[in-house]
């Protein structure tokens, strides 16, 4: 019985951690297309580069 | 409205207006200055200084020729000056929006100006690079072309183009000298020549337009859908 009481918080912590990881994964999945689009847009324009004044 | 909320609104408005506050990013289309002062004056008033940046910013302009041929011109740009050097990114897009085929040969000159200011000793001399993707798409009249060139203090890095329909790419690096003034004036010149007979929706730009930009987005979305399906399938196995 005592062992059950001890394992309950540990189980809760594990499930909280799992939930957090799932949330992070979901966020990453939703953010990925926008990140890709942002990076793509940056490469798709005329650019010019020069040195700093020295 | 509470004083605190007002302060936040003012701060937000200030931050939103900041990119257009100065620092150049001036645009001229067929001789008409549609943004800022063209060309920007020397000095600090309309230039980026060390550690400063501008954009990303965007805008649009409707260009109608005397023969009623009409074009929608949109653009995005950004620029900065830091310890790594000066940088410009600009993408103009000109789209024919007339309902019937264009009547005349329409030349569109899109000039983007960006000044940099640094009054420290020394010069701006060194290797300058222009990287230019160009696209001429849709039903353009026979003989239509696109070209571009970047100038620093009037010294060109080399003309890219003129190219006919399709996707094109050019890159030039040139060692420039004699850039001893405090102000360095950059000017990106794009020339879009649409020949008579161009149809609605035809466009010229310095970038890969929508369908290609949509491709990676589509792939990423497809990946997302697949991963969701995978998660669902796994969870149905476990229950």
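The values are calculated or read from the model by the stated rules, or taken from the named source; none is laboratory data. Every value quoted in this text rests on a predicted model; they were computed, and no experiment measured them. Neighbour counts are summed over all protein chains in view; Cβ atoms, including those assigned to glycine, are modelled from backbone coordinates with ideal geometry.
Tabulated data for the structure shown
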quantity: Qualifying residue in region A:39-51 (condition: more than 8 Å from chain B (Cβ to nearest Cβ), at pLDDT below 65 and surrounded by 10 or more Cβ atoms within 10 Å (Cβ to Cβ)); calculated: yes
quantity: Answer from B:207, B:161, B:141, B:166 - the residue that is within 21 Å of residue B:63 (Cα to Cα), modelled with pLDDT of 55 or more and more than 11 Å from chain A (Cβ to nearest Cβ); calculated: B:141
quantity: Any hit, region B:101-116, residues being within 12 Å of chain A (Cβ to nearest Cβ), crowded, with 21+ Cβ neighbours inside 10 Å and more than 26 Å from residue B:62 (Cα to Cα); calculated: yes
quantity: Some residue of region B:68-76 being farther than 19 Å from residue A:52 by Cβ, touching a strand residue (DSSP E or B) at 6+ places or on another chain (Cβ under 7 Å) and free of Cβ contacts under 8 Å to residues at least 24 places away in the same chain; calculated: yes
quantity: The lone exception for residue B:58 - which of (1) in a strand (DSSP E or B); (2) touching a residue at least 24 places away in the same chain (Cβ under 8 Å); (3) more than 22 Å from residue B:139 (Cβ to Cβ) it fails; calculated: (2)
quantity: Residue in region B:183-193 that is within 12 Å of another protein chain (Cβ to nearest Cβ) and more than 20 Å from residue B:90 (Cα to Cα) present; calculated: yes
quantity: Pair list, Cβ < 7 Å and 6+ apart or interchain, from region B:141-169 residues that are under 30 Å from residue B:125 (Cβ atoms) and in the same structural domain as residue B:41 (by TED's automatic domain parsing) to residues that are assigned to a loop (DSSP other than H, G, I, E, B) and at pLDDT 95 or above; calculated: B:147/B:159; B:149/B:157; B:149/B:158; B:149/B:159; B:150/B:157; B:152/B:179; B:153/B:179
quantity: Qualifying residue in region B:89-99 (condition: in a strand (DSSP E or B), free of Cβ contacts under 8 Å to residues at least 40 places away in the same chain, surrounded by 19 or more Cβ atoms within 10 Å (Cβ to Cβ) and at negative phi); calculated: yes
